[in-house]
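A short write-up of the structure that comes next.
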Amino acid sequence: MKSLAIALGLAVAVPATTTVPAFAHDAKTTYRAAAPSRTLRQASKDTRHAADWRRRGAHLPSAARGPVVSNWQRHGLRRPPSGHRWVKVDNDYILFATATGIIASIVAASR
């Protein structure tokens, strides 16, 4: 009987001492000022190294468009369809539609 009373007393006392009122965290919340937004020029410079656009069907940013590969045979690439161009970006050859900028194919450069 004594152990039952102790167990009930602990069961009631322990949750009461460990609960934290919901408003306790609100008083400690600090708000930081929003980071200044990047300019369009800074964002376009960063797109060359962003990997999120490097997939088929994605839009090739104009800032990432490297030199046009006119001698595609020499590099072992297939003939680009009408309205498409091969460009070299970093160490990849990217085939994209010139009108829309949609990536049609990506080939790793061997040299």
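Of all residues in the stretch 69-103, which are surrounded by fewer than 16 Cβ atoms within 10 Å (Cβ to Cβ), closer than 12 Å to R54 by Cα and among the hydrophobic types (A, V, I, L, M, F, W, C)?
I102
Take the residues in the stretch 37-68 that are among the β-branched types (V, I, T) and either at pLDDT below 80 or surrounded by 13 or more Cβ atoms within 10 Å (Cβ to Cβ) (or both); name whichever of them is farthest from K88 (Cα to Cα). Can you show your working first?
Quick first cut of the stretch 37-68, residues among the β-branched types (V, I, T) only: 39, 47, 68.
Then drop every residue that is not either at pLDDT below 80 or surrounded by 13 or more Cβ atoms within 10 Å (Cβ to Cβ) (or both), which leaves 39, 47.
Values: T39: 26, T47: 15 Å.
For the stretch 37-68, the residue satisfying everything is T39.
Could you please find all residues in the stretch 72-99 being under 22 Å from the mean Cα position of the chain (by Cα) and not in a strand (DSSP E or B)?
D90, N91
Tell me which residues, restricted to the stretch 59-71, are small (G, A, S) and part of a loop (DSSP other than H, G, I, E, B).
Of the residues in the stretch 59-71, the ones small (G, A, S) are 62-64, 66, 70.
Answer for the stretch 59-71, where residues must be small (G, A, S) and part of a loop (DSSP other than H, G, I, E, B): G66, S70.
The values are calculated or read from the model by the stated rules, or taken from the named source; none is laboratory data. As the structure is a prediction and not an experimental result, all values here were calculated from the model. Note that we place each Cβ from the backbone using ideal geometry, even for glycine, and neighbour counts take in every protein chain shown.
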